[in-house]
């Protein structure tokens, strides 16, 4: 998991730099959400994923290379990877619409006698959209095998979560008759275990589930979002101090799970990927 | 004269849906009240009994859910045929139709076939309440990535519905409510359309081309009959309003030198404007007279007591033809 998190961090940093130079048109940073993304993705097996647009670390877990992942932000395509073999469908930039697609996909597979678990990623902002409520309700009444993974990073661009909703997203899912969990997702192992349990619930009960992954936003909404103008310095400093990649790396080094040699090899791979991005987009 | 074929539009569509579901297991029906009730217009009558609740799916009352789940079903390998109960209720599904269904194939770099039909009863003249009588086809025709079907008779509707399920691209399939139970039909030239998606010349003539589609085509044919002793009217049924069969229109105008477009929808920004603009760009050298459009005024569709005055009627069409050919 640390390997994927370090790769995601490296790709995210390089893409941000490339956007700053004008080589990318836009980049949506996942900085701070790597533990939530990698931990959840590792728990999904080969389930089809309907992502939102910030699940770069999930894409990396699914074997999508940095150039393919970045191509759409350089204006070359609307989807730089082949969705079917990676079982990672195209990014969806209109909020929450893909939640209904995921439910329909699960129902469709069930009707074709090839039931499978379908996963949809949304953010906290997307839960305000009507389609999210419609999808939760539809999944519940259809007993659709859909695992809803909601990354709550505390912000819908500049609107903090506490101004978006009075109950938690997990509580809201319960209101639709959906089993849910709400976890602090800054540790990939905790996240992995919770998502594994949720996926198991979906598969054994043949009904939907939702996991609210409470995570950390370190960057802006996009590279064009001057988030320091609306975030309090203390809140931002706390987010940066809570960096899940740093924390997990330190923990694995301290426990002796990884050593300098391993880290050097991973860092070399990350450097290669960054170099590849430079060649592909900055020339 | 009455057409020999006795079926109404609703019966024709119902029979076609039975045939399609019988021959293609991937087809599922999704819509409000399509199962137990057989649809508010009974177009899906009997399907539940024959094909069961797994394939004939009474949807919850949420249009975005109907279309959104159908997109997912299509991605999973099925061919959903959705029913939206009335054209005035399609708007909650517009986001799914326009930002998702229409763009999905392009977003997938052309690697998928998105078989998806969205049936929409359309139009007025049936003394319906607010939101139940409108003609909103222009919104969809304007959107790249959508095919828009608008049949004017039962036999065409059957062929077009069959074609729609195999296009690999989402189709908005408009069904003129006024024709659902109508059995009489103006006589038509029996010539087949050049292709499944082309327009059709339903009456041959030499003095003026009148282009129409949907329920109002019956009024156009009646008007043509009324002036037949002095003016030889050619009538083109567009059948598909997007993509538009420009060739058939230009070929007809090339012979007649005059063009009138008639539709039930508001004229402003409507399909008529597109047809006239296309002929202005590509066929103005053929014209013997200024082109004209007939459509509804840009006013809210009125309560039923006033709809006769609001809609284009046969006398309006006759008047326009006579003025153009004077």
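Read-outs: derived from the displayed coordinates by stated rules, not from any lab. Model, not experiment: these values are computed from the prediction. As a convention, Cβ positions derive from the backbone with ideal geometry for all residues, glycine included, and neighbour counts pool all protein chains shown.
Given a Förster distance of 35 Å, report the FRET efficiency between residue B:323 and residue B:89 from their Cβ-Cβ distance, rounded to the nearest 0.05.
Working: r = 38 Å, r/R0 = 1.09.
Efficiency for this residue pair is about 0.35.
Inter-part distance, the range B:121-185 to the range B:1-66, computed on C-alpha centroids, equals 15 Å. Say a paramagnetic label sat at a point 7 Å from the Cα of residue B:37, along Cα to Cβ; which residues of the range B:61-94 have their backbone N under 19 Å from it? Correct set: B:61-67, B:81-93. Neighbouring Cβ atoms from other chains, within 10 Å of the Cβ of residues in B:28-36, number 1 on average. The alpha carbon convex hull volume per residue for chain B rounds to 128 Å³.
Averaged over residues, the count of other Cβ atoms within 10 Å places the peptides A:275-281, B:192-198, B:131-137, A:106-112 in the sequence A:106-112, B:131-137, A:275-281, B:192-198, highest first.
Expressed as a rounded percentage, what relative contact order does the range A:64-144 have, with Cα pairs under 8 Å and six or more residues apart? Numbers along the way, then the final one.
On the way: 67 pairs, mean separation 19.8, N = 81.
Reported as a whole number, the value is 24 percent.
How far is helix B:314-325 tilted, in degrees, relative to the longest principal axis of the Cα atoms in chain B, given as a value from 0 to 90 rounded to the nearest 10? Once rounded, the angle reads 50 degrees. Relative to the dominant Cα principal axis of chain B, helix B:154-164 is inclined by about 50°. Legend: calculated FRET efficiency, residue B:54 to residue B:18, from the Cβ-Cβ distance at R0 = 22 Å, rounded to 0.05, equals 0.85. With both labels modelled 7 Å from their Cα along Cα-to-Cβ, the residue A:184 to residue B:251 distance reads 7.3 nm. Between the range A:147-190 and the range A:86-105, the C-alpha centres lie 18 angstrom from each other. Would you please give the FRET efficiency between residue B:155 and residue A:171, computed as 1/(1 + (r/R0)^6) with r the Cβ-Cβ distance and R0 = 45 Å, to the nearest 0.05? That gives a FRET efficiency of 0.25. A Gaussian network model of chain A, with springs between Cα atoms under 10 Å, assigns the largest mean-square fluctuation among A:220, A:45, A:154 to A:45. Rg/Rh for the range B:158-198 stands at 1.01; both radii use Cα atoms, and Rh follows the Kirkwood definition.
Rounded to two decimal places and with Rh computed the Kirkwood way over Cα pairs, what is Rg over Rh for the range A:53-150? Write out the running numbers ahead of the final one.
On the way: Rg = 14.1 Å, Rh = 14.2 Å.
Across the range A:53-150, the Cα-based Rg/Rh ratio is 0.99.
When you count the other C-beta atoms within 10 angstrom of each residue and take the mean per peptide, A:24-37, B:53-66, A:235-248 line up highest first as A:24-37, B:53-66, A:235-248.
Kirkwood Rh, Cα Rg: Rg to Rh for the range A:1-60?
Working: Rg = 12.1 Å, Rh = 12.0 Å.
Using Cα coordinates only, the ratio equals 1.01.
Partner shielding of B:73-81 amounts to 6, given as the average count of beta-carbon atoms from other chains within 10 Å of each residue beta-carbon. Counting neighbouring Cβ atoms within 10 Å and putting the fewest first, the residues B:37, B:259, A:196, A:2 line up as B:37, A:196, A:2, B:259.
Annotation: peptides A:132-140, A:8-16, ranked by per-residue average of other Cβ atoms within 10 Å with the highest first, follow the order A:132-140, A:8-16.
Which residues in the range A:1-42 have a backbone N closer than 11 Å to a point placed 7 Å from the Cα of residue A:222 along the Cα-to-Cβ line? Answer for the range A:1-42: A:25-29. Within 10 Å of the Cβ of each residue in A:128-136, the mean number of Cβ atoms contributed by other protein chains is 4. Enumerate the residues in the range A:140-156 having an amide nitrogen under 20 Å from the point lying 7 Å beyond the Cα of residue A:230 toward its Cβ. So the set is A:151-156.
Using only C-alpha atoms and all pairs of different ones, pull out the Kirkwood radius for the protein assembly as shown in Å with one decimal.
After inverting the pairwise mean of 1/r, the radius is 26.6 Å.
If you run the Gaussian network model on chain A, springs between alpha carbon atoms under 10 Å, then out of A:230, A:105, A:53 the most flexible one is A:230.
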